[in-house]
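Notes for the one structure printed next.
The values are calculated or read from the model by the stated rules, or taken from the named source; none is laboratory data. Model, not experiment: these values are computed from the prediction. Cβ: placed from backbone, ideal geometry, glycine included. Neighbour counts: every protein chain shown.
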C-alpha cells in the first residue's frame with residue numbers, strides 16, 4: 001500500500017479553507033456577526049475535507065466500503081456499460097457530514113477510468129446512478145474478477161476528483177479520489193460475491209467489510 005498522506009485534510013480543501021480564513025478576517029472587521037458566520041463556514045470546510053488515516057482489514061478476497069455513508073440500495077442488476085453482465089449493485093449515499101474521501105474496495109489493477117459529465121439530481125435517488133455527473137473506475141483482481149466503482153456527484157456536489165491512473169496496481173483501502181459536498185458511490189460486484197451488509201447500514205470507507213469475492 002502507498003504511504004499514507006501526512007495531512008489530515010485533503011489538499012483540495014486548502015484553497016477553500018484559505019479563502020474562508022481571509023473572508024472571515026475581512027468580515028470580522030466589517031461586522032462581528034458576519035465574521036462569526038464566515039468563521040463557521042470555514043470550520044465546516046475544515047470538517048468536510050478531513051482525511052482520517054485508516055488501516056483496512058486484511059483477508060483474502062475481501063471488499064471494503066469505498067466511502068463513508070449509508071447503504072441505500074443492494075440489488076441485482078444488469079451492468080451494461082462496463083461489465084456487460086449481471087452484477088450485484090451496492091449504492092452508498094454520502095451526506096455533507098460524511099468523510100468524502102473515496103477508497104479502493106479491492107486490491108487489483110485499474111483496468112479503466114471513465115468520466116461522464118451529467119446532471120445533478122439528489123444523490124440518494126435511483127436515477128442519479130445513470131444521469132448524474134460521474135466517474136467510473138474499473139478494477140481487475142489478480143484472479144481476473146472485475147468490479148466497478150462509480151463516483152457520482154449529487155445535488156450540491158459540483159466536482160469529482162480522481163487521483164489514480166489506468167494501469168496502476170492498488171491495494172484495498174487506498175485513497176483514490178473525493179467528491180465535493182454531498183455524493184454517492186455505486187459498487188458493481190460479481191453475482192457470486194458474498195455480501196456482508198444490508199440496506200440502511202452505516203459504513204466506513206476503507207474499514208467496513210461489505211463482502212467477499214468468491
Next on the checklist: Report every pair of residues separated by at least 6 positions or lying on different chains whose Cβ atoms are under 9 Å apart, first residue within the stretch 15-27 and without any contact (Cβ under 8 Å) to a residue 40 or more places away in the chain, second outside any helix (DSSP H, G or I) and surrounded by 12 or more Cβ atoms within 10 Å (Cβ to Cβ).
Outcome noted: 16/49; 16/180; 17/9; 17/49
Checklist entry - Within the stretch 90-112, is even one residue over 26 Å from residue 204 (Cβ atoms) and free of Cβ contacts under 8 Å to residues at least 40 places away in the same chain? => result no
Checklist entry - Quick one: which of 57, 66, 52 is modelled with pLDDT of 85 or more, within 30 Å of residue 146 (Cβ to Cβ), within 16 Å of the chain's Cα centre (by Cα) and surrounded by fewer than 16 Cβ atoms within 10 Å (Cβ to Cβ)? => result 52
Checklist entry - Got at least one residue in the stretch 30-44 being touching a strand residue (DSSP E or B) at 6+ places or on another chain (Cβ under 7 Å) and surrounded by 14 or more Cβ atoms within 10 Å (Cβ to Cβ)? => result no
Item to check | Which listed residue, of 88, 106, 110, is closer than 19 Å to residue 193 by Cβ, modelled with pLDDT of 90 or more and in a strand (DSSP E or B) | outcome: 88
Checklist entry - Listed residues 81, 76, 119; which is in the same structural domain as residue 194 (by TED's automatic domain parsing), exposed (fewer than 15 other Cβ atoms within 10 Å of the Cβ), over 14 Å from the mean Cα position of the chain (by Cα) and at pLDDT below 85? => result 119
Item to check | Residues located in the stretch 10-36, provided they are outside any helix (DSSP H, G or I) and either touching a helix residue (DSSP H, G or I) at 6+ places or on another chain (Cβ under 7 Å) or closer than 24 Å to residue 99 by Cβ (or both) | outcome: 10
Checklist entry - Does residue 96 qualify as being touching a helix residue (DSSP H, G or I) at 6+ places or on another chain (Cβ under 8 Å), in the same structural domain as residue 159 (by TED's automatic domain parsing) and at pLDDT below 95? => result yes
